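Participant: Here you go, one structure.
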Amino acid sequence: MNALLTDLYQLTMAAGYWCAGKSGEIATFELFIRRLPPNRNFIVAAGLQQAVDFLLNVRFTEEEIRYLQGLQQFQRVEQGFFDALRDFRFTGDLFAVPEGTPLFPGEPILTLRAPLIEAQIPETFLLSTVGFQTLIATKAARMVEAAGGRAVVEFGTRRAHSPHAGLLAGRAAYVGGCIGTSNTLAGMQFEIPVFGTAAHSWVQSFSTEIEAFERLQQLLGPATTYLIDTYDTLEGARRAASLGKPLWGVRLDSGNLVELSRSVRAILDQAGLPDARIMATGDLNEYKILELAAAGAPIDAFGVGTELATSSDAPSHGAVYKLVEHISGTERRYTAKFSQDKSTLPGAKQVFRYAAHDVLARSSECFAPGCEALLRPVIIKGELVARVPKAVEARELARRSVASLPKKLRSLFECDPPYRIELSPELMHLMEEVRRVER
């Protein structure tokens, strides 16, 4: 893992810690969502697999160290710091909620406890990969909810903000409930089903539409999905139907999808192809999917690109990584911010989930049976201590967990009142003690 894939200030702070003799101090950071994006009632935690890979494999190469030594910001830094970077390894602890877990504002997705430099340097990478994948998984969960049992496929790599973002968007969308992705590399790396056949250019490259369809069927057999709206949609449907089996179905990419899907369904049924499916694509989002489902459009699957891979209505959220505990020698300090709109709670925490509410408590607390502690050990003293579930397992957890939420929370619109989160008496007492000391 490339250690320079970070913000410069993580490294200047690391150098400062080393020069100040603080590198051995132990820090605890928590990564959480400060506030939900518009019309979101929960998030679906995602990105743990990439976080673990980074922490277990992050290293500084000689080339990277020479680059840092040449920067003006490091000219006053002693050689010992760069020697320490050569031996840099993550030797700390990681606690995290399982991927696919629904969470709410202020609840930690993960907690990192490590020597100060080791805890500081990963901040940028963790915020980026966990924040982004959580954003996309949450968007996918909304679309799957709107689809009401119909399949949703992620088609957004070509619209993603980079090829790597497209790769992770494919993974996160699958965790959030999509049945698969068009991203072939995501399919290989994360064992995700892949979907896709041909574009309008395929049809246009042949002298006739029927020839294009015939060639596609010869190539793909039962996986054949005809794109039928290059010229005349209904005529395209008739030509596709005339070829009979084998086929998976047809795809509609434009026009009035309610009316067209009904007409196309009738054409397929009359041709003796009741099992042929209809997929709809073309600038879809959860609201359009909900409208199509509510109208009873005979659409079996939705392919969603731009709106999903970029979470275009809410392309960012308030993911933060905050210091909550600090140990220097024998002194333990609990840290918090009390600034308006950016306050944080002190101390490492645990989330206890009951049937209809959560309790945010100190990590040392134990609660009676009837609740579930969400944060679990993943890395201890730099060693992996728990198997990181595959994407398909995270997807199944997300499916069960989201389905178990109150129906009003699964609405595509804002929920009032929001999900109930209580602070334990011990956590409230700690907060008041820290506030008193800080004053």
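Participant: Taking 41 Å as R0, compute the FRET efficiency from the Cβ-Cβ separation of Arg35 and Ala223 and round it to 0.05.
Facilitator: Calculated value: 0.40.
Participant: To continue, here is another question. Subtract the Cα-Cα distance of Leu234 and Val437 from 0.36 nm times their separation in residues, and report this length gain in nm to one decimal.
Facilitator: Working it through step by step, the gained length comes to 65.8 nm.
Participant: Among Ser311, Ser261, Ser205, which one shows the biggest mean-square fluctuation in a GNM of the chain, springs joining Cα atoms closer than 10 Å?
Facilitator: Ser205
Participant: How would you rank Val392, Val97, going from fewest to most other Cβ atoms within 10 Å of each one's own Cβ?
Facilitator: The fewest-first ordering by Cβ neighbours comes to Val392, Val97.
Participant: Follow-up question, since we're still on this one. Could you run the Karplus curve 6.51 cos²θ - 1.76 cosθ + 1.60 with θ = phi - 60° over segment 91-100 and give me ³J(HN,Hα) per residue in whole Hz, x for Gly and Pro?
Facilitator: 10, x, 10, 10, 10, 8, 7, x, 4, x
Participant: Would you give the gap between the C-alpha center of segment 180-229 and the C-alpha center of segment 378-418, rounded to a whole Å?
Facilitator: 33 Å
Participant: Considering only DSSP beta bridges whose two residues both sit in segment 285-423, what percent are antiparallel, to the nearest 5?
Facilitator: 75 percent
Participant: Moving on to the next point. Between Phe367 and Thr61, what FRET efficiency follows from the Cβ-Cβ distance if R0 is 45 Å, with the result rounded to 0.05?
Facilitator: Efficiency, rounded to the nearest 0.05: 0.50.
Participant: Add -39500 (n - 2.57) for each DSSP H run of 4 or more in the chain, then divide by its residues: what number comes out at 222 nm, to the nearest 500 deg cm²/dmol?
Facilitator: Calculated at 222 nm, the ellipticity per residue is -11500 deg cm²/dmol.
Participant: Can you give the longest stretch of the chain with no exposed loop site, where a site means GluC sites (Glu not before Pro) in a DSSP loop (not H, G, I, E or B) with at most 12 other C-beta atoms within 10 Å?
Facilitator: My reading of the result: 192-413 is the longest stretch.
Participant: Can you give the angle from 0 to 90° between the axis of helix 257-270 and the longest principal axis of the chain, with both taken from C-alpha atoms, to the nearest 10?
Facilitator: The two axes meet at around 50 degrees.
Participant: State log₁₀ I(q)/I(0) for the chain at q = 0.12, 0.13 Å⁻¹ as given by the Debye formula over alpha-carbon point scatterers of equal weight, solvent excluded.
Facilitator: With no solvent term, the Cα-only Debye profile gives -1.00, -1.11.
Participant: I need the shape label for segment 238-352. Rule: rounded when a/c is under 1.5, else prolate if a/b > b/c, else oblate, with a, b, c from the alpha carbon gyration tensor.
Facilitator: Cα axes put segment 238-352 in the prolate bin.
Participant: In addition: Modelled label-to-label distance, Gln79 and Ala266, 7 Å Cα→beta-carbon offset: nm?
Facilitator: Taking the two extended label points, one gets 8.5 nm.
Participant: Once you've got the GNM for the chain with C-alpha springs shorter than 10 Å, pick whichever of Phe132, Phe338, Phe32 has the biggest mean-square fluctuation.
Facilitator: Its mean-square fluctuation being the largest, the pick is Phe338.
Participant: Compactness ratio of segment 136-309: Cα Rg over 2.2 N^0.38 Å, N = residue count?
Facilitator: Relative to the rule-of-thumb radius for its length, segment 136-309 sits at 1.00.
Participant: Residue separation times 0.36 nm, minus the C-alpha to C-alpha distance between Arg420 and Gln189: what's the value?
Facilitator: Gain in length upon complete extension: 79.4 nm.
Participant: Another question about this same structure. Under a GNM of the chain (C-alpha, springs under 10 Å), which listed residue has the highest mean-square fluctuation: Gly70, Gly166, Gly176?
Facilitator: Sorting by GNM fluctuation, first place goes to Gly70.
Participant: Nearest 10 degrees, 0 to 90: what angle lies between the long axis of helix 123-147 and the longest principal axis of the chain (Cα atoms)?
Facilitator: Here the helix axis deviates by roughly 30 degrees.
Participant: What is the Cα centroid distance between segment 290-339 and segment 156-176, reported in whole angstrom?
Facilitator: Cα centres, segment 290-339 to segment 156-176: 15 Å.
Participant: Can you give the relative contact order of the chain as a percent, counting alpha carbon pairs under 8 Å and 6+ residues apart?
Facilitator: Answer for the chain is 22 percent.
Participant: Could you give the length gained on full extension between Met428 and Gln72, defined as 0.36 nm per residue of separation minus the Cα-Cα distance, in nm?
Facilitator: Length gained, Met428 through Gln72: 123.7 nm.
Participant: Calculate the spin-label point distance for Ser411 paired with Asp341, positioning each point 7 Å from the Cα along the beta-carbon direction, and give it in nanometres.
Facilitator: Taking the two extended label points, one gets 2.6 nm.
Every number in this text was worked out from the coordinates using simple rules, so none of it is lab data. Because the structure is a prediction, the values reported are computed rather than measured. As a convention, Cβ positions derive from the backbone with ideal geometry for all residues, glycine included, and neighbour counts pool all protein chains shown.
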